[in-house]
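Below is one structure, written out as structure tokens, with a few remarks after it.
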Amino acid sequence: MARIETALTRALGITHPILLAPMGSAAGGKLAAAVTNAGGLGLIGSGYADAATVSRELVAAGNARVGVGFITWALDAKPEALRATLEAKPMAVMLSFGDPAPYVAQIRDAGAKTICQVQTLAEAEQAVRLGVDVIIAQGRDAGGHSGTTRGTMGFVPAVVDIAGSIPVVAAGGIADGRGLAAVLNLGGSGVSMGTRFTATKESLWDEAMKSRVTASGGDQTAQTRVFDIVRGAPWPAQYPGRALKNDFYLRWHGNEELLQAERTDAEKAYLATKPDDFSARVIWAGEGVDLVKDVPSAVELIERIVDEAASVLARGARMVRPA
């Protein structure tokens, strides 16, 4: 297969410029290890900075060189989760959705790489000042939680211009080799993918959820806070989650204050739904879900993406003619 070397692959010592987004519901140790063993970097989702989850999934990852991702505002309440993680010597720690400043030195001193995901240019500037190893520029196209103001296509090159020598990774709406090639042409050094990896053999998602994703399209997704409100998940309002629209979304989106007032009863009804009742159950998915049509292994997926990206880049180079 092809090999694409970038500033990201050199910085992290990986073969392919592909990161697994640390999704709490899907990115367990098995999937993270599979991504790493396929030449990318697998990142375990820590949930809401849950040390027990991290420990369990690091065991599941075995000897694979993986990292761990944290929701920074949740880590603020449970800083012991980072200390426990660093004791396990992860390859990297990713921080997103909050102020990374209190943690960067601690991660660096432990010998791990620091990956900082940003949703605004001000956050990118802060990451540069902190001297992080990798910046992920996340657009609102992304599945799950993200910012609301910037789309991936315009955001990535703006972050690249700020980042200088720090590798910039794109996140949001990327699910195949064409997306990887586009990011490289924007000046990025790689991609972070979540939705595409939810539908892999090693994902923690159950088969019903994987089937739902492969049958869905980007027009069926929307950013909303209703699933966080009903579950009592204290996400800051500036980070809504992109999910597949369903009956619960249609009932409550735009009626968030009423949902908050009736949350106790709504939560009981929500939790009582069957696991395969997607009229209520949330499925986080990004706009790139149009491109998720099968459930391969992680290694099959990565090989496919890299080969397609190499083909797209080669075809583009052949389009250039001397003046």
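For this structure, a couple of remarks:
Listed here are the residues, each with its yes/no results for (1) small (Gly, Ala, Ser); (2) at pLDDT below 95; (3) in the same structural domain as residue 150 (by TED's automatic domain parsing).
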{"residue": "235", "(1), (2), (3)": "no, no, no"}
{"residue": "253", "(1), (2), (3)": "no, no, no"}
{"residue": "260", "(1), (2), (3)": "no, no, no"}
{"residue": "286", "(1), (2), (3)": "yes, no, no"}
{"residue": "298", "(1), (2), (3)": "yes, no, yes"}
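- Residue 138 satisfies every condition listed in (1) buried (at least 20 other Cβ atoms within 10 Å of the Cβ); (2) out of contact with any Ser or Thr (no Cβ under 6 Å at 6 or more places or on another chain); (3) polar (S, T, N, Q) except (2).
- Whichever residue in the stretch 13-45 is touching a Ser or Thr at 6+ places or on another chain (Cβ under 9 Å) and of a type in the set (S, T, N, Q) and, among such residues, is farthest from residue 176 (Cα to Cα): 25
- Counting only strands (runs of 3 or more DSSP E) that fall entirely inside the stretch 173-247 and contain at least 1 residues that are surrounded by 19 or more Cβ atoms within 10 Å (Cβ to Cβ) and of a type outside the set (S, T, N, Q), the qualifying elements are 190-193, 241-244.
- Checking residue 251 against (1) part of a helix (DSSP H, G or I); (2) touching a residue at least 24 places away in the same chain (Cβ under 8 Å), the condition it does not meet: (2)
- For residue 124, the criteria (1) closer than 17 Å to residue 32 by Cα; (2) touching a strand residue (DSSP E or B) at 6+ places or on another chain (Cβ under 7 Å); (3) among the hydrophobic types (A, V, I, L, M, F, W, C); (4) in a helix (DSSP H, G or I) hold in every case but one, which is (1).
- Filter result for residue 309 (of a type in the set (A, V, I, L, M) and in the same structural domain as residue 37 (by TED's automatic domain parsing)): yes
- Of all residues in the stretch 77-103, those being surrounded by fewer than 19 Cβ atoms within 10 Å (Cβ to Cβ) and closer than 21 Å to residue 125 by Cα number 4.
- Hey, residue 214 more than 30 Å from residue 10 (Cβ to Cβ) and in contact with a Pro (Cβ under 8 Å, 6 or more places away or on another chain) or not: no
- Selection count, the stretch 248-261, where residues are surrounded by 14 or more Cβ atoms within 10 Å (Cβ to Cβ) and among the acidic types (Asp, Glu): 1
- For the stretch 262-284, the candidate set comprises residues that are in contact with a Lys or Arg (Cβ under 8 Å, 6 or more places away or on another chain) and of a type in the set (Ser, Thr, Tyr); within that set, the residue that is modelled with the lowest pLDDT is 273.
- Options 194, 172: the member that is within 12 Å of the chain's Cα centre (by Cα) and on the phi > 0 side of the Ramachandran plot: 172
- Candidates 235, 252 - the one that is touching a strand residue (DSSP E or B) at 6+ places or on another chain (Cβ under 9 Å) and either among the charged types (D, E, K, R) or over 25 Å from residue 150 (Cβ atoms) (or both): 252
The values are calculated or read from the model by the stated rules, or taken from the named source; none is laboratory data. Worth saying up front: this structure is predicted, and the values here are computed from it rather than measured. All Cβ positions, glycine included, derive from the backbone under ideal geometry; neighbour counts span all protein chains shown.
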